[in-house]
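Okay, so here's the structure we're looking at.
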Amino acid sequence: MDGLTLCVPSSLVREAEDKREATRKLGYVARAAAVFGASRLVVFPDREGERRWGGGFVRTVLRYAATPPDLRKELWGQRDELQYAGVLPPLRVESRTGSAPGGDESLTQGLVTEVGSEGRVRVNSPLGEHPISLLVPSDMEVEQGERVTIRISSREPVRARIAGKPEDGFQVVGADLPDALAREEFAVATSRHGEELSVSRLGELVARTSRNDTAVVFGAPGRGLPAILGVTPEDVRAANGGPVEPDPGFDLWLNTIPRQESAVVRTEEAMFASLGALRLTE
């Protein structure tokens, strides 16, 4: 499933009793993104559903989890949001840093802390204690919080440039849901009120997701996508999988856990169940 984007709401940890539990939950979300090879994890706003920890906390913890372990200390330092980062499970995604092919240059990664003017950004990196200013290539767009690959030709004095975005792991970005879906060829909303996934339907869906850049969108505990988007479950059921107004750009509303016996399926559980089915081979 090339170009897989996963979208989760900023209210993702709304039911967590404390910061430790909230961090652990986000670790499972990051694991799902890593296991199923997502390229992007989008956190879209659901401010009405947020409680103690909102989008800023969610994005920071997920970005930290997506950062290769050997770069975390240099890129992140000490932050209040990361108080319980030790409970995050390892993602086991190979980090592509070290010597660049065919020369004396080396590669590392940095974290964009500020997007400035004239095509420049400030980047936290292992090159120094303070962020450095680097020029963004003309064919590349970056957002605050994204990781970038830095090609180093000299450390003293520092000579470096942004070479692209890391191939390892996934990028965590914040975006409104319509903006996140606009770049996708196929977008699936997961909901217990959507069209039930069946054996006969699965083959068609697997074929479509394997051919197209795909986004799979999830709701929050006790606050599914219909509630977040302001649509009724009845309207979703009546649409039989089709779009429901207001429509941020979904091609399909899908119930990936038919015959659900629990009143609530947690977001991380829904991610593994949904992606496990959609990731099957033809």
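The values are calculated or read from the model by the stated rules, or taken from the named source; none is laboratory data. Keep in mind it's a predicted model, so treat the numbers as computed, not measured. As a convention, Cβ positions derive from the backbone with ideal geometry for all residues, glycine included, and neighbour counts pool all protein chains shown. Quick note on the areas: whole protein, heavy atoms, side chains included, nothing else; ligands and nucleic acids left out. Shrake-Rupley method; radii C 1.70, N 1.55, O 1.52, S 1.80 Å.
Structural remarks
- Positions within the range 210-266 being in contact (Cβ under 8 Å) with a residue 24 or more places away in the chain and among the small types (Gly, Ala, Ser), in sequence order: Ser210, Ala215, Gly219, Ala220, Gly222, Gly224, Ala227, Gly241, Gly249
- Per the listing Thr256, Thr281, Thr267, the residue uniquely open to solvent by 30 Å² or more (accessible area, probe 1.4 Å) and among the hydroxyl-bearing types (Ser, Thr, Tyr) is Thr281.
- Counting only helices (runs of 4 or more DSSP H) that sit completely within the range 156-235, those holding 2 or more residues that are in contact with a Gly (Cβ under 9 Å, 6 or more places away or on another chain) correspond to 177-182, 225-229.
- Meets criteria (touching an Asp or Glu at 6+ places or on another chain (Cβ under 6 Å) and closer than 23 Å to Lys25 by Cβ) for Pro226: no
- Scanning the range 257-275 for residues that are farther than 17 Å from Ala22 by Cβ and not in a loop (DSSP other than H, G, I, E, B) turns up Ala270, Phe272, Ala273, Ser274, Leu275.
- Matching residues, the range 58-71, being at pLDDT below 90 and open to solvent by 40 Å² or more (accessible area, probe 1.4 Å): Pro69, Asp70
- Counted residues, the range 41-55 - those being under 24 Å from Val123 (Cα atoms) and at pLDDT below 95: 1
- Note on the range 137-155: among residues that are in a strand (DSSP E or B) and open to solvent by less than 30 Å² (accessible area, probe 1.4 Å), the one that is nearest to Ala66 (Cα to Cα) is Arg147.
- Exactly one residue out of Leu82, Leu26 is in contact with a helix residue (DSSP H, G or I) (Cβ under 7 Å, 6 or more places away or on another chain), modelled with pLDDT of 95 or more and more than 29 Å from Thr209 (Cα to Cα): that is Leu82.
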